[in-house]
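To start, the structure itself, in structure tokens.
The values are calculated or read from the model by the stated rules, or taken from the named source; none is laboratory data. Keep in mind that what you see is a predicted model, and the values were worked out from it rather than measured. Note that each Cβ is placed from the backbone with ideal geometry, even for glycine, and that neighbours are counted across all protein chains shown.
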Amino acid sequence: MAIVMCFPEGRHKALTLSYDDGRFADRRLVDIFNRYGLKGTFHLNSGLLGTNDRIGADEVRTLYAGHEVSAHTLTHPTIARCPNEQIVYEVMEDRRNLERIVGYTVRGMSYPNGSYNKRIKELLPGLGIEYARVVPSTGHYGMPDDWHEWQPTCHHNRDLMKHAEEFAGLQKSQYLYLMYVWGHSYEFDSDNNWELMEQFGQFIGGNPAIWYCTNMELVDYAKAFEGLKFAADLSFVYNPSAISVWLKVDAETVEVKGGQQIAL
């Protein structure tokens, strides 16, 4: 018997997007995501909300509804140069503020200025941060080995449509494929290339073979799979999590619902 993890509904491809800083241009970006059924994670500095051209605290909950609000530190310092005490303060205050606004736990972040090191990565789990995105991109479509050094596939200005076409063409269901796009929404204004994201959404959206998810949804799902309790002889499995996990058992797609045990 061969048992492998699938994404929800038995899919083997997932797409997630990640945008930093919470600028006004997020309004237009969220509209594009919503029109094409894409899901994104928006990393915000709560200490800077409402300043300059940044979204105000009063708009966050409604604007990003259906997407994920995630941490980006309180004030966006280059944290690899900061003492541990400041890092703890920057992360925890950002979490507290954002959680008061959105009403759910904020458990992920992207590193401000792309700044991180081993010391910071080791601090984050104790601060309730389950994943953190870095800037260097892979150009590939694999699942991350390290949630606290999560490398995206590409920045939207780096061959986005080429990657989208490659990703759409991946058909080998023995693999799990993840496409992860990152950037800043204001870059579409400065580069005058909003049509790129429109083209991307039109091309990649609405595909029943793709699971469109936030960063945290992907992490939660992967951890739910890792938390499955299989019998030693693989004859049954128990899912102690609250969410369903899908498996491919030989040629059959099987849903293991949260809190249930099923025979395989």
> Of (1) among the acidic types (D, E); (2) surrounded by 15 or more Cβ atoms within 10 Å (Cβ to Cβ); (3) under 29 Å from N117 (Cβ atoms), E226 satisfies all except one. Which?
Replying inline: (2)
> Given the structure, is F188 over 19 Å from the mean Cα position of the chain (by Cα), assigned by TED's automatic domain parsing to the domain that holds S110 and buried (at least 18 other Cβ atoms within 10 Å of the Cβ)?
Replying inline: yes
> Can you pull out the residues in region 27-71 that are over 16 Å from the mean Cα position of the chain (by Cα) and either of a type in the set (D, E) or not assigned by TED's automatic domain parsing to the domain that holds G205 (or both)?
Replying inline: D31, D53, D58, E59
> If you go through region 77-94 one residue at a time, do you hit one that is touching a His at 6+ places or on another chain (Cβ under 8 Å), surrounded by 15 or more Cβ atoms within 10 Å (Cβ to Cβ) and touching a residue at least 12 places away in the same chain (Cβ under 8 Å)?
Replying inline: yes
